[in-house]
1. Where the convex hull is taken over the Cα atoms of region A:457-602, what is its projected area averaged over directions, in nm²?
2. When ranked by the protection proxy of mean other Cβ atoms within 10 Å per residue, highest first, what sequence do the peptides B:232-245, A:361-374 form?
3. Hey, what number do you get for the protein assembly as shown at 222 nm if only DSSP H runs of n ≥ 4 count, each worth -39500 (n - 2.57), divided across all residues, to the nearest 500?
4. Sticking with the crude label model, points 7 Å out along Cα→Cβ, report the distance from residue B:120 to residue A:446 in nm, one decimal please.
5. For A:224, A:308, what's the fewest-to-most ordering of other Cβ within 10 Å of each Cβ?
6. Which distance in Å, rounded to a whole number, links the C-alpha centroids of region B:234-255 and region B:112-190?
7. Starting from one equal scatterer on each C-alpha and no solvent at all, send me the Debye-based log10 I(q)/I(0) for region A:724-869 at q = 0.08, 0.11, 0.19, 0.21 Å⁻¹, two decimals.
8. Summing Lys, Arg as +1 and Asp, Glu as -1, what charge do residues with Cβ under 14 Å from the Cβ of residue B:46 carry, residue B:46 excluded?
Amino acid sequence: MRCRPIRLLLYSACLVLSLQARAQLEPTVTGNFEGYTFGRLTARIETVTGYRFYYDPADFDSLSIEMTLNRATVRQILDELFQNTDFHYSIDSGKRIFITRHVTIVTTLPARFGGPVSAPGSKGQAVFATDDEQPEKARLKQMLAENRVYDIGARTATVGQGKATVAGYVKDDNTGEPIVGATLFADGSATSVATDQFGYYSLTLPKGRHLIRLTDAGMRDTRRQIVLYSDGRLNIDMQEAVTTLRAAIVSAEKTSNTKSVQMGVNRLNIRTIRQVPVVFGEADVLKVVLTLPGVTSVGEASNGINVRGGSTDQNLTLFDGATIYNPTHLFGFFSSFNPDVVKGIELYKSAIPEKFGGRLSSVLDISMPDGNTKKWSGVAGIGPLTSKLSIEGPIQKDRTTLVAAVRTTYSDWLLNSLPASSAYNNSSANFYDANLRITHRIDEKNTLNIMGYYSADRFRLGNDTTYKYTNASTNLKWKHIFNNRSNALFTAGIDRYQYNISDSRDSTNGFRLGFQIGQTYFRSEFTFAPDNKNQVSYGLSAVYYKLHPGTYSPEGEKSLIVDSTLPAEQGLESAIYLGDQYSVNNRLTISGGLRYSVFNYLGPHDVYNYAPGLPRELNTVIDTAFYSGGKIIKTWSAPEVRISARYAVSENGSIKASYNTLEQYIHMLSNTVSVSPTDIWKLSDAHIRPQHGRQVSFGYYRNFLSNKVETSVELYYKWIDNYLDYKSGANLLLNPHIETDVLETKGKAYGVELLLRKTEGKFNGWLSYTWSRTLLRQDDPLAGQLISNGNWYPASFDKPHNLNFIANYRFSHRYSMSVNMVYSTGRPITLPLAVFDLDGSPGLYYSQRNQYRIPDYFRTDASFIIDGNNRLTQKLHNFWTVGVYNLTGRKNPYSVYFIQENGTIKGYQLSIFGTQIPFITYTIRF
Amino acid sequence: MKHRNYHILLIRRLRHSWAALALVSAILLAACRQAYAPPAITNPNHYLVVDGFINIGANTVTTFKLTRTRNLGDSTVQGIPELGARVAIVGAGGGSWPLSEIIGTGRYASDPLTLDPTRKYSIAIVAFNGEVYNSDPVPCLVTPPIDSIFWRQPFDLNIYAGTHDPTGNTRYYRYTYNETWEHDAQLMTVWGVANGRIYAQDSTNQTQQCWTTDTSASILLASSAAESSAVIDSFPLLTVPNGDARVTKVYSILVHQYALTLDAYNYWQIIAKTSQDVGTLFDVQPTQLTGNIRCTSDPSLPAIGFITATTEQQQRILIRESSFTNWQHNQPAYGCDTTSIAPGYPDPFVYNYPDTNYAPWYFISGGPLVLASSVCLNCLLLGGTNVRPPFMP
């Protein structure tokens, strides 16, 4: 059956064949009827079709039409309009249409403001195919809510003058889960606000009658009619949009990229994330982020992402408010976020809101759901590498909800099955993670959240060295609403990241090397909306860091290793911020913020003092000063500026520009010489200055085909000061004076990001291309060494060309297919080129820093998703994902390393998944 | 009740999926390790290495050793000597002093020269293949004399150098040393074996006292840059662990001292960190060498080495084990086995015992010939020379 799309705002349906055939002969109507009254619509139809309407205008005076028609017949229009209402129509041979109200129906739509409403009975005129996916009850509920007029505030006989504020939560009707980032438009698009991370919104309007339209990606658009008497509350339920074959849902006013003031921000919800095929069919937050323009990773497997020419440590990864230092599992192939407890992600690349700070490049904000407030539900999945189980539901109905998830791997078999010749058959790898989140609503104005997160990894490559790392976080959030216009969020928590590397062979060299970062933080965030034109945010935050930069101890009885422990480092990072988003007019929005951050490097610690004007080396140490506990050794501080603006050049196009400055007080250095890189984190101290970044960016956004196709071009230029790179021959591990082995470099990064994205329809997906460069320079001879003769040299993550293509095609309700293609330039590498003998001892001659590149990266994945069934009413949903990772079998290098073998030095590239990897996973939702 | 039903269903479904999973796991997944050898590495990377300094001392010989680097996969132990090159010292204001090739060694030596230390000098090299290399002109830096070489032995033996520059110009130094130690045979004998006969050794072919000489293997750099005066008061040259076999009787060390400019010091510092060890967790990060020798005929070709113009200072000290406290005497790793055989008859000096691990120790009059492990009787088997160096007592 071929279906012609009929685009309707309210819901979509498909006509049966007979009707379709008839539709070919009858006169049809095409056009956009947003905001039409019934009278105006009928007048238009009369003109076009020659029909005449007979009805009582009083019945329709509160009905507002929201329709976009494409060659719809009169019957189709009327069926659509009156579906589930108590209206009837009949058409006689004289092309006369009589509209009547069914006598058995007690109530009708309100004739006046705020009339009492009760549920209309079902009337079911069976011209439309029964739509299983939209249960009648839910549709009725939505319909009812949309057509009802709500009184906000204390009802008075006459509507007063001035303005009032309506506020409340927007939630998923099905699960009770708050909807983040939903946009509310009042009266056309004159005024718009978005819901915050709790689904909370606040909208200030002139007193009187308003139409509020709500849109959110993946949710069915809805609207509410209100009469605003004074400040009041309106909670709104939205329903999930069930993607169907029959018609595309098109929103006239969606939360489009052209409307949002923020630039360089990507929002994805978990539905989008799930559509991207990834290794072993495991939906993966980071892998999807990597397909966005401007985001790359150093290799197939690396601890994180590089955003706009930033290093991996310049990203602040927040998981429900907790800072995650290593967001990956299993050589970086999985992100450490269980997709079943991810609600959505926001990636800020340029206009970073002033409430965030402490990292130069980006903020990746990953949110967790509150949990289903209405019933218990869950997901269980099983794949070749991982199994997972998550449940959510109300502990106390409508007050306390729980989300819990565990995920574990049994991947040892995979590595054990490697051919013996690969030298990795004696390897092992496994990981697990667990999440817990409890939301408790104390009352209308106070909500508490407690979250706990733990992830652990253990892997061994070859026979000797075992790597282990864990992330552990917990925090408590208290959201308090003062009144409709202001609210606050207080967060307190602890994060810990630690790793250790051990060689447990029973030898004299058996060792264990440990590293740990701990941080305790408090954040308070206030928002205040004096009117719709201004959205003020202010707050303060403090993070106390404690780093254990290295403990080295013997492992095994024969070990002759001597214990050595580097002293802990302490630091306190505090910040205060104030910002405002101001809508100058409908077209121009400006957002400005100021953040002032202060970092104290604290005792107890020894500080080497170096001779002034000389490079920092052991030879130039003058003396050592000891600072006792709590003493401030060094204070760094700086103001940070965040400015961005949007100007709508047309209905479908906008330009955005932003300027940001940021400070970073914690730095990472990667020890890249070994097979598996080891990272060292370091606080700014008496010698190591904070990194300072400035970025300007400019973007043009244009939507086509009723916002179905989004395109954007963004340009950016970044200046980075005091980026740490290592000196020639640096020793990074267990170095008590790391300032002698690092250099502060200047960096510049620039690039162009192109995105073409089709958001809806049977065929959707995106194509992104980024051209970017990141160059560093060390030209200060006083630092001891010039790198590349003081010229600009590429950073180790400089990858000029990045192309990502993701496409999903839905054949039917049950079958869909996804393809994912990734190409990027290989990352730079410093190669050993030759061996020389000087003064009797051999040495390695290396190329210039990062002069060469490892082979380019190219990978194609495909997956096929089979839904077991697709009835919303069914209790259990299951689906299969089958696919192939790395369809072309290209041997992309995981790492390139050199080792000494039989007196010569050999280079190797290790590809972990250097062949086609078929996978199959089974997921069940209950 | 409802929940329990779901649960049962779930388990059944999971079992079902395990069956499907078994099919998949039959397909092997492979991590593979491939040789990584891009052209940058496999190209013949035979870059010129220049080792030496311009000696500006009075009536001194300047020696340079020219070698070529070898590829990573090349197992040649030492550098490939650059033969047939033309090398000369060039004065900045004119003048050229050629170095003549010591045939077959890659070494090039000047005549004894007395160069004016107020001028600048450079090195000009035309390689055998015609590549032209020139160093930057470098100023002369006279090495101050070594003040003292001294040792301390709290437990291990530490040897230090001290120097100072009264003019305050020289702040950076490089040291090399030659250490010589006496190591004697474990067992005394007068007998040697040659051509199947036992003979009595004399001082020219004795195997009882041996002396081994070794040169420093690490690059030793000292700086007084952070000091208020240009004084190096105790620069640690080396540590000999307590009980080390190098100090069983007499130990001698000859220390060479060379002044460096700051640039040369920085260069040598990088060389010092250059490691041939790769692939382990504790390796240093890659180094980058930028010397003061350039290929002028092809600027893309690197050259390794840093030219300085200086003088050499040296000083030798002797250290006797008898002056140590609590120095351990470790048994050697090898044991001394003995056996006895019937002496040759009728000529007792005929010796044809097949096991060369044994050698004649002593005769028992009227009895057998006692043999002992060769390594215990002949110190030359552990290296060195049996000719007493003139400086050794």
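Read-outs: derived from the displayed coordinates by stated rules, not from any lab. These numbers come from a predicted model, not from an experiment. Cβ sites come from the backbone with ideal geometry, for glycine too, and all protein chains shown count toward neighbours.
1. On the way: hull surface 51.9 nm².
So the Cα hull casts an average projection of 13.0 nm².
2. Working: B:232-245: 16.3, A:361-374: 23.7.
Ranking, from highest mean packing down: A:361-374, B:232-245.
3. On the way: 11 runs with 102 residues, N = 1319.
After summing the helix terms and dividing by residue count, I get -2000 deg cm²/dmol.
4. In this crude spin-label approximation the distance works out to 7.9 nm.
5. Details: A:224 21, A:308 28.
Going from least to most buried by this count: A:224, A:308.
6. Each part reduced to its Cα centre gives a spacing of 18 Å.
7. -0.41, -0.64, -1.16, -1.28
8. Numbers: positive: B:68, B:70; negative: A:837, B:74, B:82, B:131, B:298.
Every neighbour counted, the sum reads -3.
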